[in-house]
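The structure appears below as structure tokens.
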Amino acid sequence: TETHDPFDIFVKMRTGFGEGPGANTDGVFWVAGGSVYEAFSGKELAVFEGFDVGKGIQISDNHIRQFSRKIFWFRDPTTGEIMTEFEGKPVQPIVYECQIIDYHSEEDGSIAYSVEASPRLSKGAVPKTKIATQMAGPHQMMINTPVFLDIPIPEERGGGRYQAWEFYDYNVDPSFPLDRPATGVWCREGRLPPFNMDSKVVSRASMYRVDSYDELPERMRELVESSHPHFKEPPKDEKEVAEIFGKR
């Protein structure tokens, strides 16, 4: 029976880092679409779509660093048009100009990750957490990545705490066949202005990986080319990340 290193498979799937089938040194795109719901009625408040683009570099044998950015647009669940307001409050796309996420292969065989840089989170705001993997038959690896947030909100922004949880669940064939791309599902409960301000919004999305910008849906590419052309590729390196943070 063929064995697979979960760390190698995960970082190749998520970032394109590695060798052979599934590797892409230029980076990979994760395309996602889903809905935002009112908890606990299930009322659909918005639909959203977008993507994450990222690449990986090797820091050491057991340490891969991800450089990525992501953008998501909200659409009206009835008309499908881009939302600009919700109940009189402005709606903006969710834009992360850059992120740095580190992945470590631990001595016990597990995978750990930490968020090293993010526009909306200070370093250490997301506790270092383990990623769980499991084979389901010989051709499918299941990968679960949890995210937990519980951080104070500055008084000038209203005070209180920003609390949320998220789960990313991926499925990938470790042989990375071209006709069966890696897929995933994501779910979240937490604060999401302007739809809800007290951590009572539920979001969910389905996602899949593509290896080039040209494979993104046409209407996403139109939005990128009109307003966010640098989202055609991931951040190049830490210098670019530092420059982006320096402009904030």
Would you pick out the residues in region 198-248 that are without any contact (Cβ under 8 Å) to a residue 60 or more places away in the chain, surrounded by 14 or more Cβ atoms within 10 Å (Cβ to Cβ) and of a type in the set (Ser, Thr, Tyr)?
Ser199
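Show me the strands (runs of 3 or more DSSP E) found entirely inside region 119-196 where at least 3 residues are within 23 Å of Trp73 (Cβ to Cβ). Walk me through how you get there before you give the answer.
Working: elements: 129-135, 141-152, 161-172, 183-192.
Qualifying strands (runs of 3 or more DSSP E): 161-172, 183-192.
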Of the listed residues (Val210, Val202), the one being more than 20 Å from Lys55 (Cα to Cα) and modelled with pLDDT of 95 or more is Val202
Going residue by residue through region 217-239, is there one that turns out to be acidic (Asp, Glu), assigned to a helix (DSSP H, G or I) and either modelled with pLDDT under 95 or under 16 Å from Gly16 (Cβ atoms) (or both)?
yes
Select from region 193-205 the residues that are of a type in the set (A, V, I, L, M) and under 16 Å from the mean Cα position of the chain (by Cα) and list them in ascending order.
Ala205
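Restricting the search to region 86-115, which residues are of a type in the set (Asp, Glu) and without any contact (Cβ under 8 Å) to a residue 24 or more places away in the chain?
Of the residues in region 86-115, the ones of a type in the set (Asp, Glu) are 87, 97, 102, 106-108.
Selection gives Glu107, Asp108.
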Does region 58-94 hold any residues that are in contact with a Lys or Arg (Cβ under 8 Å, 6 or more places away or on another chain) and either of a type in the set (Asp, Glu) or open to solvent by less than 50 Å² (accessible area, probe 1.4 Å) (or both), and which are they?
Gln66, Phe67, Ser68, Glu81, Met83, Ile94
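Quick check on region 114-129. Is at least one of its residues modelled with pLDDT of 95 or more, under 19 Å from Val11 (Cβ atoms), touching a strand residue (DSSP E or B) at 6+ places or on another chain (Cβ under 6 Å) and open to solvent by 50 Å² or more (accessible area, probe 1.4 Å)?
Keep residues of region 114-129 that are modelled with pLDDT of 95 or more, which gives none.
Within region 114-129 (the criterion being modelled with pLDDT of 95 or more, under 19 Å from Val11 (Cβ atoms), touching a strand residue (DSSP E or B) at 6+ places or on another chain (Cβ under 6 Å) and open to solvent by 50 Å² or more (accessible area, probe 1.4 Å)), the answer is no, since none of the residues qualifies.
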Gly109: assigned to a loop (DSSP other than H, G, I, E, B), surrounded by fewer than 11 Cβ atoms within 10 Å (Cβ to Cβ) and either at pLDDT 90 or above or among the small types (Gly, Ala, Ser) (or both), yes or no?
yes
Among (1) free of Cβ contacts under 8 Å to residues at least 60 places away in the same chain; (2) open to solvent by less than 60 Å² (accessible area, probe 1.4 Å); (3) not charged (D, E, K, R), the one test that Pro181 misses
(2)
Are any of the residues in region 168-185 in contact with an Asp or Glu (Cβ under 9 Å, 6 or more places away or on another chain), at pLDDT 95 or above and over 21 Å from Pro21 (Cα atoms)?
yes
Return yes or no: is Arg191 surrounded by 13 or more Cβ atoms within 10 Å (Cβ to Cβ), within 25 Å of Ala46 (Cβ to Cβ) and modelled with pLDDT of 95 or more?
no
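The values are calculated or read from the model by the stated rules, or taken from the named source; none is laboratory data. Treat the numbers as computed from the prediction; the structure is a model and nothing was measured. No Cβ is skipped: glycine too gets one built from the backbone with ideal geometry, and neighbour counts run over all protein chains shown. To get the accessible areas, we keep the full protein, side chains included, count just its heavy atoms, and leave off ligands, DNA and RNA. Shrake-Rupley method; radii C 1.70, N 1.55, O 1.52, S 1.80 Å.
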